[in-house]
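Worksheet: the structure to be examined is printed underneath.
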Amino acid sequence: MKELQNRILQDGIAVNSDILKVDSFINHQVDPALMLRIGQEFADHFKDRGITKVATIESSGIAPALMTAQCMGIPLIILKKQPSRILNDNLYQTEVTSFTKGTSYELTLSSSFVDESDHVLIIDDFLANGEAATGAIRLLRKAHATVAGIGILIEKSFQPGHEKLVEQGFDVYALARIRRMDTGVIEFLS
Ligand code: 5GP
């Protein structure tokens, strides 16, 4: 998506060769018009696949995931990050290691909102090592749902997440794919 690539070049900050900051339009301040066009793009790409729900991981994926759900006319499920395991029959949980923080959390989903009739599209802001997306897939499978695909705003293609997910047969659609970056430099795959 050219518009997102241009915005990353204009307003993104490559902190180092690993971390990109997009606080001025995605992660802290949010550009709703851009989020809506991103939602439309995902809705177009994943149309006619029998998708029943969009899921994202709190909190930075919520804005684009909500717009995607709105454009597809289906509900949004926010997978919650709990600090620790909770004993409750109505909850599914799985442990995920955070790329940016280096800490772990329990990704949590209530059994009230997803079941075996659901075919779910996962949306997230970044794809790095694929831990968050893999955790979301594990959790949705615990709820007996199927995964329709994974929509990512910014993929750091030099990190292993994309390959890990594609190897497992998932359709990964990333709107901006970064080939290489460093302080002051961001290069896209195409
Ligand atoms: P993964 O689980 O694929 O290793 O990392 C994905 C998660 O880590 C995303 O949900 C995102 O919140 C965070 N993340 C990974 N890389 C970056 C980055 O370069 N910048 C920001 N802002 N978040 C990132």
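A quick yes/no check of all residues on (1) open to solvent by less than 70 Å² (accessible area, probe 1.4 Å); (2) in contact with a Cys (Cβ under 7 Å, 6 or more places away or on another chain); (3) within 16 Å of residue 132 (Cβ to Cβ):
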{"site": "48", "(1), (2), (3)": "no, no, no"}
{"site": "51", "(1), (2), (3)": "yes, no, no"}
{"site": "54", "(1), (2), (3)": "yes, no, yes"}
{"site": "58", "(1), (2), (3)": "yes, no, yes"}
{"site": "67", "(1), (2), (3)": "yes, no, no"}
{"site": "71", "(1), (2), (3)": "yes, no, no"}
{"site": "77", "(1), (2), (3)": "yes, no, yes"}
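Anything in the stretch 99-137 that is assigned to a loop (DSSP other than H, G, I, E, B), open to solvent by less than 30 Å² (accessible area, probe 1.4 Å) and within 11 Å of the ligand (Cβ to nearest atom)? List them, or say none.
Result: 128, 130.
Before we move on, is residue 24 surrounded by fewer than 18 Cβ atoms within 10 Å (Cβ to Cβ), part of a loop (DSSP other than H, G, I, E, B), among the hydroxyl-bearing types (Ser, Thr, Tyr) and within 16 Å of the ligand (Cβ to nearest atom)?
So residue 24 does not fit the description; no.
Tally up the residues in the stretch 2-12 that are open to solvent by 50 Å² or more (accessible area, probe 1.4 Å) and in contact with a helix residue (DSSP H, G or I) (Cβ under 8 Å, 6 or more places away or on another chain), please.
Final tally of qualifying residues: 2.
Given the options 54, 30, 96, name the one that is touching an Asp or Glu at 6+ places or on another chain (Cβ under 8 Å) and either part of a helix (DSSP H, G or I) or of a type in the set (Val, Ile, Thr) (or both).
96
Quickly run through the stretch 138-190 and pick out the residues that are in a helix (DSSP H, G or I) and open to solvent by 20 Å² or more (accessible area, probe 1.4 Å).
138, 141, 142, 162, 163, 164, 166, 167
The values are calculated or read from the model by the stated rules, or taken from the named source; none is laboratory data. Source: prediction; values computed, not measured. All Cβ positions, even for glycine, are placed from backbone atoms using ideal geometry, and neighbour counts span all protein chains on display. Heavy atoms of the whole protein, side chains included, go into the accessibility calculation; ligands, DNA and RNA do not. Shrake-Rupley method; radii C 1.70, N 1.55, O 1.52, S 1.80 Å.
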